[in-house]
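Structure, as structure tokens:
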Amino acid sequence: MGTTAAERFSVTDSAVAADLRVLVLAGGLSYERDVSLRSGRRVLDALRAVGVEAELRDADVALLPALAADPPDAVVIALHGATGEDGSLRGVLDLCGIPYVGCDARASRLAWDKPSAKAVLREAGIPTPDWVALPHDRFSELGAVAVLDRIADRLGLPLMVKPAQGGSGLGAAVVRDAASLPAAMVGCFAYDSTALVERYVPGMDVAVSVIDLGDGPQALPPVEIVPRNGVYDYAARYTAGRTTWHAPARLEPDVAASVADVALAAHTALGLRDLSRVDVIVDAAGQPHVLEVNVSPGMTETSLLPLAVQAAGLDFGRLLGSLVNRAAARVTA
Ligand SMILES: Nc1ncnc2c1ncn2[C@@H]1O[C@H](COP(=O)(O)OP(=O)(O)O)[C@@H](O)[C@H]1O
Ligand SMILES: [Mg+2]
């Protein structure tokens, strides 16, 4: 207490990477390509606005030759979905000896797979809704009807069905009665071969961005999400007017503090680095439940991390510049 966010983050001019050459990666072939292109453009503009020499490029067949011919000092990964978050691209950048903002390949892969990440969170004592992960093959082998009956019995209703790996709300559905469960599973399997079926927790949807500029991870003000039709799906996220945000979230101070603690604990338990966004539901009793942690969060005009940065009174470009500086200083293998 007593310090401003700007002081805590010490984003000084000297920390901004004005003399570094940065490559922003955006696009990719995931369902979130369009969002990624918008994130990349926003990151590019913000870096250039603080004097950083930055360039935008897709993660396609031209990438590796370009990295070899003219290696940047650091990469910012504005790729969402598997391309940016399953860890593989980070592994390739490690092979090339090029540092990047964000967590390493192993942590990225862990956070990307929601059931694996949830198991780590639960092990660490961090609350996350009860769940079962069901690969499509097992679902068929064990008999869909028997499996779904057992799930509804054990986890209760309503349920949330979503792809084990994925994002932007694609393939996700709330199931309020047992009869709707099969259709939700089919919809989910269109996006991923494994479905995550989770206890639905009613409450406030909150996103907590975590930033580490060298003094350990810090939570930015929580952002409250209020989708107009009650569901934070793809359309609600990326269509103007479909969602209202409150930054900071309308939470009592003690609840806001416990939400920040849980987010920091999740970031740490998953072994993350630099930045992440922890998606949380705060129930009626003020208890936070972690849904997932994003290692390459959206950076568009309506994305949650930039809103949190603004609510903290920080400059997005300077913050990115500081993160780039830290990444560039990292010794790679
Ligand atoms: N168990 C749950 N209980 C209540 N709402 C949920 C639950 N799981 C997901 N949601 C809702 O769906 C949204 C997307 O879920 P999330 O797990 O964050 O996946 P992603 O953002 O990767 O699509 C959440 O922001 C929340 O609104
Ligand atoms: Mg989410």
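The values are calculated or read from the model by the stated rules, or taken from the named source; none is laboratory data. As the structure is a computational prediction, the values presented were derived from the model and not from experiment. Here Cβ is always computed from backbone atoms with ideal geometry, including for glycine, and neighbour counts include all displayed protein chains. Ligands, DNA and RNA are excluded from the accessible area calculation, which covers all protein heavy atoms including side chains. Shrake-Rupley method; radii C 1.70, N 1.55, O 1.52, S 1.80 Å.
Tabulated data for the structure shown
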| item | result |
| --- | --- |
| Extension gain (nm, one decimal) between Leu95 and Glu53, 0.36 nm per residue minus Cα-Cα | 12.7 nm |
| For the chain, calculated [θ]222 nm from helices alone, where every DSSP H run of n ≥ 4 adds -39500 (n - 2.57) | -11500 deg cm²/dmol |
| Distant-in-sequence amide H partners of Thr243 (H built 1.01 Å from N, under 5 Å) | Arg228 |
| Cut-off under 5 Å, modelled amide H: who pairs with Cys103 long-range | Arg273, Leu275 |
| Under-5 Å amide H pairs with Arg21, H placed in peptide plane, nonlocal only | Asp73, Ala74 |
| Neighbourhood net charge (10 Å Cβ-Cβ; Lys/Arg +1, Asp/Glu -1) for Pro163 | +1 |
| In Hz, Karplus ³J(HN,Hα) per residue of segment 234-241 (6.51, -1.76, 1.60; θ = phi - 60°; x = Gly, Pro) | 4, 5, 4, 6, 10, 10, 4, x |
| Size of electric dipole in segment 131-199: Cβ of Lys, Arg +1 and of Asp, Glu -1, about Cα centre, debye, nearest 20 | 160 debye |
| Residue-by-residue Karplus 3J(HN,Hα) for segment 217-223, coefficients 6.51, -1.76, 1.60, Hz, glycine and proline x | x, 10, 8, 7, x, x, 10 |
| Calculated from backbone phi, Karplus (6.51, -1.76, 1.60) coupling profile of segment 160-172 in Hz, x at Gly/Pro | 10, 10, 8, x, 4, 10, x, x, 6, x, 6, x, 9 |
| Accessible-area composition of the chain, carbon plus sulfur, in percent [1.4 Å probe] | 54 percent |
| Taking N as its residue count, the alpha carbon Rg of segment 131-199 over 2.2 N^0.38 Å | 0.96 |
| Potential extension, Ala257-Asp137 segment - 0.36 nm per residue separation minus Cα distance | 39.0 nm |
| Point-to-point label distance, Arg122-Arg154, nm (Cα→Cβ direction, 7 Å offset) | 0.9 nm |
| Surrounding net charge for Ala78, when Lys and Arg each add one and Asp and Glu each subtract one, Cβ distance under 10 Å | +3 |
| Theoretical FRET efficiency, 1/(1+(r/R0)^6), r = Cβ-Cβ of Asp34 and Gln287, R0 45 Å, to 0.05 | 0.80 |
| 1.4 Å probe accessible area per residue over segment 25-97, in Å² | 44 Å² |
| Around Asp274: net Lys/Arg minus Asp/Glu count, Cβ-Cβ under 13 Å | +2 |
| Relative contact order computed over segment 131-199 (Cα-Cα under 8 Å; 6+ residues apart), in percent | 44 percent |
| The chain, relative contact order [Cα under 8 Å, separation at least 6], % | 23 percent |
| For the chain, alpha-carbon Rg and Dmax in angstrom | 19.7, 62 |
